[in-house]
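What follows is one structure encoded as structure tokens, with my remarks underneath.
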Amino acid sequence: MIEKNKIDYNKLQRGIYVREKRDVGGSVITMFDIRMKLPNREPAMSQQALHTIEHLGLAFLRNHAEWGNRVIYWGPMGCCTGNHLLLEGDLESRDIAELMRETFGHIAEYEGDIPHATASECANYMLHNLAMAKWESRKYLVEVLNELKEENMSYPLREVEEYGL
């Protein structure tokens, strides 16, 4: 597990990062940081676009033939710069690169109603923007996922100053 205060967010690139791994009942759960925006260096995503990416991404991932039964969670980061993905298995960023290309390709090309975006299925069903979700997903796919490099999969760390009491 990488302590959050050791990540240098001023140097963090967009990409796929292993945030942490935990043993839960004999199974390893890997938490990924799916970072779509440069923290502190570009505007965060709108809540509407991120909410739509959450709905479309989760529906796609849960129904994925190979990965669907390993999906624990997919949801937005509070800072609106990406998503968290929890999968069953001891995994690395490269292991899910193709899955993320498929997911964001699906969102970028999606046409139709947003899954589960009705008043009876969503606590804020009017907070969606399909056009912006598609735009953000295409940008991430083309600029990051299709050109994935080591710097997009390894957290930049900073030295943490220790303060005496």
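Each reported figure results from applying straightforward, stated rules to the coordinates on display, with no laboratory input. Computed from a predicted model, the values in this text were never measured in an experiment. Methodologically, a virtual Cβ is constructed for each residue, glycine included, from the backbone with ideal geometry; neighbour enumeration extends over all protein chains shown.
A compact table of results
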quantity: GluC sites (Glu not before Pro) within the stretch 31-89, DSSP loop, no more than 11 other Cβ atoms inside 10 Å; calculated: GLU66
quantity: Rounded to 10°, Cα long-axis angle of helix 97-109 versus longest principal axis of the chain; calculated: 40 degrees
quantity: Relative contact order, percent, the chain [alpha-carbon distance under 8 Å, six or more residues apart]; calculated: 30 percent
quantity: For the stretch 4-148: lysine pairs under 27 Å (alpha-carbon distance), excluding those fewer than 8 apart on one chain; calculated: 12
quantity: Packing rank of 148-158, 133-143, 19-29, where each peptide gets the mean count of other beta carbons within 10 Å, highest leading; calculated: 133-143, 148-158, 19-29
quantity: On Cα atoms only, tilt of 130-143 relative to the major axis of the chain in degrees; calculated: 50 degrees
